[in-house]
Structure formats: structure tokens, C-alpha cells
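The values are calculated or read from the model by the stated rules, or taken from the named source; none is laboratory data. In this text the structure is predicted, and so the values were computed from the model without any measurement. Please note: Cβ atoms are built from the backbone with ideal geometry, for glycine as well, and neighbour counts cover all protein chains shown.
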Amino acid sequence: MEQIDIWRAAHQLIQQHGSDAIKVAALREVELLGKGDDEGAQVWQRIMLAIDALMLNKTPPSSN
């Protein structure tokens, strides 16, 4: 997933869930790990980092 899509997803989750956005993303990550989808879980880890940065009003981290 492209980094811009990570930021869009993070922004959308914040818009929909406010301060619970990180919890929603974490639940999705756990769900995917439980299904053996490590790649999908890694995407949600990246989304959680983006949510954290956006919530703290930080500069986006650079990531692959």
C-alpha cells in the first residue's frame, strides 16, 4: 500500500472514530494476525503510526 493511502486511511479513521481511531486500527490488526494475514497486519501497523502522528500533529514519518 502506498504511503499516501496509509495517510488517507488514518485521516478517515480519525474523522470517523475520533480518539478511538487507534483502537479501531489495533483491533483490525489483531483480527488480521489471527487470520494469518501478516502483510495486512503490517499495513494496519503503518496506519496506527500515521494515526498517532496525526493525533499528535507531528510530521508524517517516512516509511516504505
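Any residue in segment 31-59 that's outside any helix (DSSP H, G or I) and modelled with pLDDT under 95: show its pairings with residues that are surrounded by fewer than 17 Cβ atoms within 10 Å (Cβ to Cβ) and of a type in the set (A, V, I, L, M, F, W, C) at Cβ separation under 9 Å, as long as the two are six or more apart or on different chains.
As it stands, the answer is T59/A53, since those pairs meet every condition given.
In segment 22-45, what residues are under 21 Å from R8 (Cα atoms) and of a type in the set (K, R)?
K23, R28
So which residues in segment 5-24 are in contact with a helix residue (DSSP H, G or I) (Cβ under 7 Å, 6 or more places away or on another chain) and within 18 Å of N57 (Cα to Cα)?
Residues satisfying the conditions are I6, W7, A9, A10, H11, L13, I14, H17, A21, I22.
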